[in-house]
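Colleague: I'd like to ask some things about the structure below.
The values are calculated or read from the model by the stated rules, or taken from the named source; none is laboratory data. All of these numbers come straight from a predicted model, not from anything done at the bench. When we count neighbours, we look across all protein chains shown, and the Cβ atoms used for this are built from the backbone with ideal geometry, even at glycine.
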Amino acid sequence: MTELDDAFEKAQIEVKKLSQKPDDATLLKLYAFYKQGTQGDVSGDKPGFFDFVGAAKYEAWEKCKGTAQDVAKQQYIDLVAKLTA
């Protein structure tokens, strides 16, 4: 594993230790960076109109489309570092 992968895994652990839950916008960013970093560009159909949470997650991930996986991992790491500071 690379240093980036190690830092990414550490950030995943650290985010679970936050004393306060981040706001919804930040949670969506974390989700999108994580998904882009681990799976690449969004795939599959967008959830239906009444699945508000699923649609919001899909849209957040879709905004990362075209971002390299390593860049998304670094964005995730940076956001977690900001939240834990």
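Colleague: Would you mention how many residues in the stretch 1-26 are surrounded by 10 or more Cβ atoms within 10 Å (Cβ to Cβ) and either among the β-branched types (Val, Ile, Thr) or at positive phi (or both)?
Modeller: 2
Colleague: Let me ask something else about it. Out of 40, 66, 44, I need the residue that is on the phi > 0 side of the Ramachandran plot, modelled with pLDDT of 95 or more, surrounded by fewer than 13 Cβ atoms within 10 Å (Cβ to Cβ) and not basic (Lys, Arg). Which one? Spell out how you get there, then give the answer.
Modeller: Working: 40 fails: surrounded by fewer than 13 Cβ atoms within 10 Å (Cβ to Cβ); 44 fails: modelled with pLDDT of 95 or more.
Criteria check complete, one pass: 66.
Colleague: Still on this structure: Cβ-Cβ under 7 Å, sequence separation 6+ or interchain: first residue in the stretch 56-84 and among the acidic types (Asp, Glu), partner in a helix (DSSP H, G or I). Which pairs?
Modeller: Qualifying pairs under 7 Å: 70/4.
Colleague: Which of the helices (runs of 4 or more DSSP H) contained wholly in the stretch 1-64 include at least 1 residues that are over 15 Å from the mean Cα position of the chain (by Cα)?
Modeller: Working: elements: 3-15, 24-39, 52-62.
Qualifying helices (runs of 4 or more DSSP H): 3-15, 52-62.
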